[in-house]
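Single-structure report; data block below.
Since every read-out is calculated from the coordinates, none of them should be taken as a lab result. Computed from a prediction, not measured in an experiment: that's the story for all the values here. Cβ coordinates were reconstructed from backbone atoms using ideal geometry, including for glycine residues, and neighbour counts include every protein chain displayed.
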Ligand SMILES: Cc1cc2nc3c(=O)[nH]c(=O)nc-3n(C[C@H](O)[C@H](O)[C@H](O)COP(=O)(O)O)c2cc1C
């Protein structure tokens with residue numbers, strides 16, 4: 001594949017995910033989300049890419065979590081995908097915003113009931129005394145919503161990163177890898193090759 005012919009790097013990301021999925025590799029939608037905390041410290045964790053529209057990449061989480069607090073104070077992030085068995089990497093950076101309440105509710109409604117209940121039971125990133133306490137909270141919410149639909153918690157929803165820079169990386173023999181950086185110029189993607 002010639003990266004210098006690429007016009008939309010996020011189409012390539014989707015294509016590599018499809019290749020990875022078709023080959024039976026685990027979790028092609030998993031990505032590392034890197035944020036910066038109020039003290040300037042970086043934080044990273046894995047989240048799942050749930051949607052791509054244009055330059056927007058969407059993931060869902062708890063709005064009280066460490067990542068959400070980081071994004072509130074500093075609404076910029078980096079998303080990193082590694083397709084180990086394809087020897088490919090995609091690095092995306094840009095500004096991040098919450099998605100609309102309607103979009104979060106629509107996605108929440110598609111989740112398995114157990115995941116919906118967990119979203120109510122977990123104050124993500126906050127300390128909890130024991131596993132038993134977490135399970136007791138889950139039991140309490142499952143009784144609260146028994147027999148009815150589980151609504152989307154007010155503290156849960158999506159974020160969308162709007163890509164401004166994308167780097168595509170392909171492993172090549174002898175570590176002479178391909179790296180091409182794509183920068184959004186307001187109307188299209190400019191690109192330049194980087195040394196590996
Ligand atoms: C494969 C995998 C997928 C995950 N997907 C998500 C996700 O989509 N959303 C989420 O909030 N946490 C997800 N997690 C958990 C996060 O990595 C993390 O532990 C959690 O969100 C709390 O992060 P924070 O304290 O930095 O906010 C996932 C973990 C793994 C290993």
Fill in the blank from the handout: Note to self: C-alpha centroids of the stretch 22-88 and the stretch 169-196 sit apart, in Å, by 20 Å
Exercise for the section: Find the percent of Cα-Cα distances in the stretch 139-196 that exceed 13 Å, and round it to a whole number. Expected result: 74 percent
Handout entry: Three principal axis lengths of the stretch 1-69 [C-alpha, angstrom, descending]
Key = 41, 28, 20
Problem - Relative contact order (%) - the chain, alpha-carbon pairs under 8 angstrom, separation at least six - result: 23 percent
Exercise for the section: Considering only 98, 67, 50, give the residue with the highest GNM mean-square fluctuation for the chain, with springs between Cα atoms whenever their separation is below 10 Å. Expected result: 50
Completion exercise
To the nearest 10 degrees, the tilt of helix 9-22 (Cα long axis) against the first principal axis of the alpha carbons of the chain is 70 degrees
Fill in the blank from the handout: The simple spin-label model distance between residue 185 and residue 103, using points 7 Å out along Cα→Cβ, in nm, is 2.7 nm
Problem - Descending Cα extents along the principal axes, the stretch 97-150, whole Å - result: 34, 31, 14
Handout entry: Max mean-square fluctuation residue, GNM over the chain, Cα-Cα springs under 10 Å, options 34, 136, 119
Key = 136
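Two decimals is fine: what's Rg over Rh for the chain, C-alpha atoms, Kirkwood radius as Rh?
1.02
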Practice task
With 5 Å bins from zero, work out the P(r) of the stretch 31-128 over every alpha carbon pair and list the percent per bin.
Solution key: 2, 11, 20, 24, 20, 14, 8, 1
Problem - Among 48, 117, 176, residue whose mean-square fluctuation peaks in a GNM of the chain (springs only between Cα atoms under 10 Å) - result: 176
Problem - Fewest-first sequence of 168, 49, 183, 86 by Cβ atoms within 10 Å of each Cβ - result: 183, 86, 49, 168
Problem - Computed lengthening from residue 194 to residue 30, 0.36 nm per intervening residue step minus Cα-Cα distance - result: 56.5 nm
Exercise for the section: Please report 35, 110, 58 as a ranked list, fewest other C-beta atoms within 10 angstrom at the top and most at the bottom. Expected result: 110, 58, 35
Practice task
Describe numerically, in nm with one decimal, the distance between label points set 7 Å from Cα along Cα→Cβ at residue 131 and at residue 18.
Solution key: 4.2 nm
Fill in the blank from the handout: Listing 195, 78, 152 by rising number of other beta-carbon atoms within 10 angstrom, fewest first, gives 195, 78, 152
Completion exercise
In this structure, the FRET efficiency calculated for residue 115 and residue 86 from their beta-carbon separation, with R0 = 22 Å, to the nearest 0.05, is 0.15
